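As structure tokens, the structure follows; a few thoughts come after it.
The values are calculated or read from the model by the stated rules, or taken from the named source; none is laboratory data. Keep in mind that this is a model prediction, so the values were computed, not measured. All Cβ positions, glycine included, derive from the backbone under ideal geometry; neighbour counts span all protein chains shown.
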Amino acid sequence: MCGATVVEAAASDTEPTSGGGWAGSAQATTAGDYELVQLLGSGTLGRVFRGVRRFDGHVAAIKLLHPHLVRSADARLRFVQEARTLRHVTHPNIGRVLDVLETEGLPTLVLEYYEGQSLRQLIEQRGAFEPFVAISILRCLAQGLGGLHSAGWVHRDVKPENVMVLDPTGAPPTDLRLLDFGLAKSLIPDGSSQTAAGTFVGSLAYAAPEQLFGEAIGPPTDWWALGVVAYEMLSAKRPFEGTTRVQMARNVAGGLVPPIDVSHELLDWIRGLLTRDPAKRPQSAEAVIEGLERVEESLQ
């Protein structure tokens, strides 16, 4: 069983609400009702802090847009995209947004706080995973992505850094959250897309060919990324490398998935996800999980 019991979102309205007390600049110490007590990480769009709510001690992850991006309409839209996406999704393997604040002109997300380790940290610590452990984590990720796709969204940035494992010492781990939906894209066109045709959005090493070439994306785009994650979990290396979009596109378009030290069944499952034509990849979470379960049975 992946994840914990489904919990109703604390706030369904994700429009910015007024808040005060943001200390501003690099020395920010408060955001709304939260004291910022620890910097957890920094990304392209913002920084994430561990925050403690002053009146009851509730702990949350507070994500602040970088001050130098406050005048960028595109950056602001991408930043709050996470809240717009998660408003529509309730799944035990998907992170939750609790509130969206507008504090002195700076967008701020209040996210559910999770204790654990990122999948990136676990790969760096452990190296290649045992197949049964990897399969457990991959099944949970596939279930979470299925919930996201059913709600009408594609993540577009599935990678180990965006997976938090809450029970890293579990045998095997089964409680995890897929995080960071700032690049998520709606599958229902509404005229509000922030990505121009032909524009690359994502992380090079995990981007599907259609992302690299600026073509239409859909659920199979996330299944490609899951295939890269699976390959990396089982070998501690990625199937394709490149430092530029052109170089990565060339490597993806011209190379087969290199073999790794796993069963033929497991390697074939990964290669199915890493098929260059998105129409030939699995089209649903059910198909991905069914294939994974057949692999698991073959290993027993």
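Points worth noting:
- Of all residues in the range 117-148, those satisfying the criterion of being touching a residue at least 60 places away in the same chain (Cβ under 8 Å) and outside any helix (DSSP H, G or I) are Gly127, Ala128, Phe129.
- Scanning the range 23-42 for residues that are under 19 Å from Leu98 (Cβ atoms) and of a type in the set (Ser, Thr, Tyr), we see that the one that is modelled with the lowest pLDDT is Thr30.
- If only residues of the range 164-188 that are part of a loop (DSSP other than H, G, I, E, B) and charged (D, E, K, R) are counted, the one that is farthest from Pro219 (Cα to Cα) is Asp167.
- Among the residues listed as Asp99, Asp74, Asp33, Asp56, the single one being in contact (Cβ under 8 Å) with a residue 60 or more places away in the chain, over 29 Å from Cys2 (Cβ atoms), outside the structural domain of Leu179 (by TED's automatic domain parsing) and out of contact with any Cys (no Cβ under 6 Å at 6 or more places or on another chain): Asp74
- Scan of the range 100-126 for residues that are touching an Asp or Glu at 6+ places or on another chain (Cβ under 9 Å) and on the phi > 0 side of the Ramachandran plot, ordered by number: Gly116
- Condition broken by Val257, with the remaining ones in (1) in a loop (DSSP other than H, G, I, E, B); (2) exposed (fewer than 13 other Cβ atoms within 10 Å of the Cβ) satisfied: (2)
- Of the residues Arg71, Arg50, the single one that is charged (D, E, K, R), modelled with pLDDT of 85 or more and in contact with a strand residue (DSSP E or B) (Cβ under 8 Å, 6 or more places away or on another chain) is Arg50.
- Residue within the range 121-130 that is touching a helix residue (DSSP H, G or I) at 6+ places or on another chain (Cβ under 7 Å) and not assigned by TED's automatic domain parsing to the domain that holds Leu179 present: no
- Scope the range 54-90; condition among the basic types (Lys, Arg) and surrounded by 15 or more Cβ atoms within 10 Å (Cβ to Cβ); matching residues: Lys63, Arg76, Arg78, Arg84, Arg87
- All positions within the range 261-300 that are outside any helix (DSSP H, G or I), of a type outside the set (D, E, K, R) and either without any contact (Cβ under 8 Å) to a residue 60 or more places away in the chain or closer than 15 Å to Ala207 by Cα (or both): Leu274, Thr275, Gln300
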